[in-house]
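Have a look at the structure below, then the notes.
Please treat every number below as a calculation from the coordinates, not as lab data. Since this is a predicted model, take the numbers as computed values, not measurements. Positions of Cβ are generated from backbone atoms using ideal geometry, with glycine treated the same way; all protein chains shown enter the neighbour counts.
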Amino acid sequence: MISKFIYLILGLLVLQLYPTGIGPVENYNAFNAAVQTAILLAAYTAAGFGLFFYLKNRVTAYEFLRPAQRYLIMSYNFALLLVYAYILFYLNWPLIWKVDYPVDFPGADIFLDYAPYLAGIILSYLPSYMIERRLRKNPASLGAYLNFNLRSIILTALLPVFFLNFVLEYAAQFRVMSFAFQLYPYMEWLLLISLFLLVFYLSPFFMRFIWGAVAMPKSPLRARLEGLCAKAGIKCSNFYVWNTRCGILNAAIAGLSGFTRHIFITDALLEKFSDDQICAVIAHEIGHAKKLHIAKYILLFFSSFFAVMALTYSQPDSSLVLINITLFMAFFWIVIFTAMSRRFEAEADMYAVELTGNAETFASALDSLAELSGGIRNMPSITHSSIAERVHFLWLTVLFPEYAAKFRSHMKRLLTIVFVFFFAGLAGTGFIISKEMKNRDKQLVQLYYRDLDYYGIDLLQQERYSEGIPVMQE
């Protein structure tokens with residue numbers, strides 16, 4: 001699911017490359033641009049039906065194609081980025097409401113600019129349903145599959161983005177805020193950081209409603225899960241059943257503190273797994289909280305954020321700034337985030353065994369996950385190592401304590417590196433902004449005296465010498 005979030009983020013990065021302040025284009029036809037966009041998206045969807053129909057008929061007969069089909073799906077998803085870039089830069093899609101049909105509503109521009117890519121993602125779920133149904137042996141209807149993806153992935157990822165953009169644009173409509181953003185651009189960044197932290201802190205409450213989760217009823221299983229939290233010393237606000245209605249086997253923990261921390265368990269996980277296996281899976285999620293992985297993700301995010309700020313302020317007039325930022329963010333999400341996420345998952349696996357004291361049960365839960373998801377044991381995802389690798393790592397840490405100790409030392413060094421990058425980025429950004437502010441102050445002083453000279457000359461031309469001479473002398 002996280003991998004789909006990353007594709008959404010990459011689409012936003014492509015959008016950031018589109019130049020701001022672009023004016024009318026000669027011979028531009030908004031209707032033709034809209035029609036060509038619709039044709040491109042229809043062709044992309046048709047290509048998806050062809051690809052997934054081909055894979056559907058071979059995925060069960062030739063098991064060695066399963067890793068290959070995942071790479072084909074990744075390529076298909078990546079192709080949408082190219083289609084979107086063509087729509088943006090060649091068809092000039094944003095000009096439809098920036099020039100031809102202006103829309104004056106805070107936050108509407110980013111939604112409308114992003115609409116073709118969002119439509120492409122939604123349309124891609126239609127052909128992908130064939131292969132997902134075959135792989136997962138999933139009896140869910142197409143409507144349930146689309147509903148799950150729209151609610152749990154698209155809304156969860158994009159609503160915060162659109163909300164933050166709406167608040168920033170709405171604030172900029174006030175003259176004082178607009179002047180402050182223009183005079184001191186870093187104030188906009190500070191407001192963005194504050195809003196992000198607020199949204200992130202409250203996100204578990206919104207996730208509960210977006211995901212259609214209901215409180216888990218009192219039961220022996222819930223009592224066991226509460227006992228695991230107590231044993232780990234982790235406070236949890238509540239446990240929720242995540243009604244996916246399409247056979248998704250998953251669990252998640254959200255929230256930084258006990259008041260906001262929720263644990264979500266999908267309906268399929270409760271149905272297909274034994275109580276012991278469910279406890280092992282939740283112990284893994286508790287491991288994320290115990291090892292402060294969410295807080296570490298925030299540190300990673302802000303490390304990249306400060307790097308983007310440094311790139312922005314170090315070359316404020318360079319046309320390559322957006323390209324550099326996009327390349328950096330792509331590298332961050334695809335390489336750095338992937339490496340860190342897989343290590344966090346391994347650390348949570350280790351903790352799950354420590355908490356439950358039963359490696360066999362957790363290994364069987366991983367094997368059941370692979371079997372019920374299509375039998376794919378050797379295919380990693382962006383955020384997780386493959387099931388086979390995770391089980392192998394698990395037994396290595398159980399059978400060879402020195403291997404587990406070595407991994408713990410590795411994680412401590414990794415955390416040190418994250419802190420170094422965070423504080424280095426913070427210090428570097430502060431230095432660059434301070435330098436920028438000094439230059440801005442010099443420019444303001446120059447503008448002040450220039451305007452003062454113009455005012456004095458104007459007074460002298462009006463023969464108001466008693467007023468003009470003191471102004472010129474100043």
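Between R343 and D367, residue separation times 0.36 nm minus the direct Cα-Cα distance comes to 6.7 nm. What the Cβ-Cβ distance of M74 and E389 gives, at R0 = 22 Å and to the nearest 0.05, is a FRET efficiency of 0.75.
Here the simple spin-label model places points 7 Å from the Cα toward Cβ, and for E226 and A405 these points are separated by 3.9 nm.
Using the Cβ-Cβ distance between F209 and N57 with R0 = 51 Å, the FRET efficiency computed as 1/(1 + (r/R0)^6) comes to roughly 0.80. Length gained on full extension, S219 to V420, computed as 0.36 nm times the residue gap minus the Cα-Cα distance: 67.8 nm. With the simple model of a label 7 Å out from the Cα in the direction of the Cβ, L270 to F301 spans 2.8 nm. A full extension of the chain between L292 and L198 corresponds to an added length of 32.0 nm, given 0.36 nm per residue minus the alpha carbon distance. Is the C-alpha gyration tensor of region 219-285 telling us rounded, prolate or oblate? Criteria: a/c under 1.5 is rounded; beyond that, a/b larger than b/c is prolate, otherwise oblate. Note, shape of region 219-285 comes out oblate.
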